[in-house]
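Let me begin by presenting the structure, written as structure tokens, before commenting on it.
Read-outs throughout are calculated quantities, based only on the coordinates presented, and are distinct from any laboratory measurement. Source: prediction; values computed, not measured. Methodologically, a virtual Cβ is constructed for each residue, glycine included, from the backbone with ideal geometry; neighbour enumeration extends over all protein chains shown.
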């Protein structure tokens, strides 16, 4: 079997892998990326958060993203029956980016991957990792190449950015069940034709999250793109769906949700409707001997606040900072420098996800008389600044959400 070696080996060319590669290349480190798929490929998770822009910029990829022509995004709109609310990410507690983009992930991920190659990364598409050995001094990865040839590659360090593929969690028995309920998403892309409807009031600069008043733990996303198309989907508990075809269920739910039925009455449903069941995931450890997990490989919560890509970028930023120190010969405590800091934001998003489904956060968002201070603090978290512990909604998210929701109830 052919043997190779490299400096830093990355599994997966998605957002976390490409940004990690960019950060490493800017620091002068060699990078080899192994990607099982051919790009571009279809994937959801299309509504970015402003915090993401900081990491794209740090990785040297900002111009690539800006010039790609994606849909500008400055906030999130919410609808539930007759209730409406909007969160403007520019009005936030934490300093930093207040705008971002809504992206077709196939295009976006390819833009980042191409940028990593431009910066000198060795990116190998259609190369699948079949085995991993981390028992020795350096991690050894067995790979099936594009032509079927098998080879081994040894790196000084291994970063798993395989996302939903979860390569190291599967191969190293790191997977453990999520404590979140099993939910299902049914989704597609559509030609939305909203701009052609003179009666439609819709801001393409925002993601729209719609909630049926009689089923507040179900929600729809509508993410407009810059080309007149949108990503559209519905999320609920598995038992809230039935055995009908995905498209039939999705159209039926739209018909029963008046604001969406009106908004999408001219839409062209021209793309296969897909579904994912039980997407939430967790792991026993975020790192081990000369390896670390990035992005959705670590833990995936829920798509409701579009936190996946932001967590992925943050994990890359933290891991690369620790890794560069280790490769320079310094002693690194990966728990203190990577796992614990990363989990600050993950736990903040987890509290927001939980409070969305138990309706506490919905009550706050739709409450019309919130203070500007509360609005700015919530906007910061929803904009992705979930690691700013100066924000009370980050430092003590559960307690703060409960107290504000109670005040909203009294206000009613």
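Worth a mention:
- GNM flexibility winner over the chain from 15, 212, 181 (Cα, springs under 10 Å): 181
- Helix axis angle, 105-118 relative to the chain longest principal axis, alpha carbon, degrees: 30 degrees
- Highest mobility in the GNM of the chain, judged by mean-square fluctuation with C-alpha springs under 10 Å and restricted to 176, 206, 74, is found for 176.
- Size estimate for the chain follows the Kirkwood approach: the inverse of mean 1/r over distinct Cα pairs works out to 22.0 Å.
- For the range 1-138, the relative contact order works out to 36 percent when only alpha carbon pairs closer than 8 Å and six or more residues apart are counted.
- Largest mean-square fluctuation among 348, 100, 201, in a Gaussian network model of the chain whose springs join Cα atoms under 10 Å apart, belongs to 201.
- Each of 67, 175 was scored by other Cβ atoms within 10 Å of its Cβ. Arranged with the fewest first, they read 67, 175.
- Each 5 Å bin from zero holds the following percent of Cα-Cα pairs in the range 183-277: 3, 13, 27, 27, 18, 9, 3, 0.
- Each 10 Å bin from 0 upward holds the following percent of the Cα-Cα pairs of the range 1-139: 11, 35, 29, 16, 7, 2, 0.
- Taking 114, 369 and counting other C-beta atoms within 10 Å, the order from fewest to most: 369, 114
- Nearest 10 degrees, 0 to 90: helix 246-255 Cα axis against the chain principal axis: 30 degrees
- Average Cα contact separation per residue, the range 183-277, under 8 Å, 6 or more apart, as relative contact order %: 44 percent
- In percent, rounded to a whole number, the relative contact order of the chain is 21, using alpha-carbon pairs under 8 Å and six or more apart.
- In this simple spin-label approximation, residue 359 and residue 63 carry label points 7 Å from Cα along the Cα→Cβ vector, and these lie 5.3 nm apart.
- With Cα atoms, 0 to 90° folded angle of helix 372-382 axis to the chain main axis: 40 degrees
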